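The values are calculated or read from the model by the stated rules, or taken from the named source; none is laboratory data. Worth saying up front: this structure is predicted, and the values here are computed from it rather than measured. So basically every Cβ, Gly included, is an ideal-geometry build from the backbone, and we count neighbours across all protein chains shown.
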Amino acid sequence: MDQVSPWRLVTVHAHPDDEASKGAATIARYAAEGVTCVLVTATGGEEGSLLNPALTDVRPEQLARRRRSELDAAARRAGFAEVVRLGFRDSGMPGSPAGRHPRAFSRVPLLEAARGIVATIRRVRPHVVISYPDDQSSYPHPDHLRVFDATRLALELAADPAALREFGEPWRVPRWAWSLWVSERFERLAEALRAKGVALPWRPERRGQDELVRARVDVRGFVSVAQEVLRAHETQVDPGSGWWFGLDATELEELWPFEDYHVVGAEPGVVLDGLFAGLRAED
């Protein structure tokens, strides 16, 4: 990377591989432009399933260690400058016994869940923080819900000079963005996949958040990197999956060359060209 940028970005995710399926091309583009990108991952993904049929030798007790190395490889390929692990345990899906574990991310007190995010924000001093949105009713994973709550609290505390002084000087993040499920994008994707005989893994009625789009990142030239980032999570992705890999990067970019975000507080009806549009680097 030859370019140097004054911009800094922190993205918060629940499990290893979430950073690959949500916004990986955005990170690849900004990292290539010299933006300092830092990944915060809340859990070790201990409740993940082994989805790659070629890895029959991986035992359940090995999964967390394997996923740690996969995350390191994925983060390097995406261009993250750093991976921050909060060290909590995967809560599993709603109602899972894993949610009763004392270190389950969804169970620990909210302040404890937020502390590591506060520390990262004050140290990195990002211009943009990305998390999941407030409404996740279409996929209510407890850890994803907690990412939103913990990030919201962390943004408040990081800006408060009286709070958590042990983490250094306060920092008010200029922009909070949410990654979105955009129906129009997935309808185009679904049509292209059906034409190739690929079945869809999501419910057709899943509600989109198209009306919340306030920023679009043009990711042409970086979708292939995002696919490589996803493939780095070898235990979690079937490399023969038509859903993930039935369309190549060129086809995907022709269908929808953007990744879409909500920007908290942005003016309705205005869609920014990228996540840093309108910000000042000195902020």
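Please go through the range 196-226 and give me each residue that is outside any loop (DSSP other than H, G, I, E, B) and buried (at least 18 other Cβ atoms within 10 Å of the Cβ), ordered by number.
Kept after step one, since they are outside any loop (DSSP other than H, G, I, E, B), are these residues of the range 196-226: 210-212, 215-218, 223-226.
Scanning the range 196-226 gives L212, A215, R216, V217, V223, V225, A226.
Which condition from (1) touching a helix residue (DSSP H, G or I) at 6+ places or on another chain (Cβ under 9 Å); (2) hydrophobic (A, V, I, L, M, F, W, C); (3) farther than 21 Å from F222 by Cβ; (4) in a helix (DSSP H, G or I) is the one that L50 breaks?
(4)
So, of the residues in the range 248-268 that are in contact with a helix residue (DSSP H, G or I) (Cβ under 6 Å, 6 or more places away or on another chain) and of a type in the set (A, V, I, L, M), which turns out to be nearest to V58 (Cα to Cα)?
A249
The conditions are (1) closer than 22 Å to A150 by Cα; (2) in contact with a Lys or Arg (Cβ under 7 Å, 6 or more places away or on another chain); (3) surrounded by fewer than 22 Cβ atoms within 10 Å (Cβ to Cβ), and R85 fails exactly one of them. Which is it?
(2)
Looking for whichever is under 22 Å from T120 (Cα atoms) and either of a type in the set (S, T, Y) or surrounded by 12 or more Cβ atoms within 10 Å (Cβ to Cβ) (or both) here; the options are G48, G44. Which one fits?
Exactly one of G48, G44 is under 22 Å from T120 (Cα atoms) and either of a type in the set (S, T, Y) or surrounded by 12 or more Cβ atoms within 10 Å (Cβ to Cβ) (or both), namely G44.
With R146, R115, R77, R125 as the choices, which residue is surrounded by 13 or more Cβ atoms within 10 Å (Cβ to Cβ), over 29 Å from V223 (Cα atoms), in contact (Cβ under 8 Å) with a residue 24 or more places away in the chain and of a type outside the set (G, A, S)?
Working: R146 fails: over 29 Å from V223 (Cα atoms); R77 fails: over 29 Å from V223 (Cα atoms); R125 fails: over 29 Å from V223 (Cα atoms).
So the residue among R146, R115, R77, R125 that is surrounded by 13 or more Cβ atoms within 10 Å (Cβ to Cβ), over 29 Å from V223 (Cα atoms), in contact (Cβ under 8 Å) with a residue 24 or more places away in the chain and of a type outside the set (G, A, S) is R115.
When the residues of the range 1-46 are filtered to those that are in a strand (DSSP E or B) and of a type in the set (A, V, I, L, M), which remaining residue is farthest from D90 (Cα to Cα)?
Per the criteria, the residue is L9.
Answer yes if at least one residue in the range 229-248 is surrounded by fewer than 19 Cβ atoms within 10 Å (Cβ to Cβ) and hydroxyl-bearing (S, T, Y), and no otherwise.
Checked against the condition, which is being surrounded by fewer than 19 Cβ atoms within 10 Å (Cβ to Cβ) and hydroxyl-bearing (S, T, Y), the range 229-248 yields at least one hit.
With (1) over 18 Å from C37 (Cβ atoms); (2) in contact (Cβ under 8 Å) with a residue 24 or more places away in the chain; (3) of a type outside the set (V, I, T); (4) assigned to a loop (DSSP other than H, G, I, E, B) as the list, and W243 as the residue in question, which single condition is left unmet?
W243 satisfies every listed condition except (4).
Being within 16 Å of D143 (Cβ to Cβ), among the polar types (S, T, N, Q) and at pLDDT 95 or above: is that true of T11 here? Step through it out loud before you land on a result.
Values: within 16 Å of D143 (Cβ to Cβ): yes; among the polar types (S, T, N, Q): yes; at pLDDT 95 or above: yes.
Here the answer is yes, as T11 does meet what is asked.
Go through the range 160-213 residue by residue and tally those that are among the polar types (S, T, N, Q) and touching a strand residue (DSSP E or B) at 6+ places or on another chain (Cβ under 9 Å).
2
Limited to the range 74-103, what total is found for residues that are out of contact with any Leu (no Cβ under 9 Å at 6 or more places or on another chain) and of a type in the set (V, I, T)?
0
Given the conditions (1) over 23 Å from P174 (Cβ atoms); (2) within 20 Å of the chain's Cα centre (by Cα); (3) of a type in the set (D, E), report the number of the one that E19 does not fulfil.
Single failed check for E19: (1).
So, V270, is that one in contact (Cβ under 8 Å) with a residue 24 or more places away in the chain, touching a Gly at 6+ places or on another chain (Cβ under 8 Å) and assigned to a loop (DSSP other than H, G, I, E, B) or not?
Considered against the rule, which asks whether it is in contact (Cβ under 8 Å) with a residue 24 or more places away in the chain, touching a Gly at 6+ places or on another chain (Cβ under 8 Å) and assigned to a loop (DSSP other than H, G, I, E, B), V270 comes out as no.
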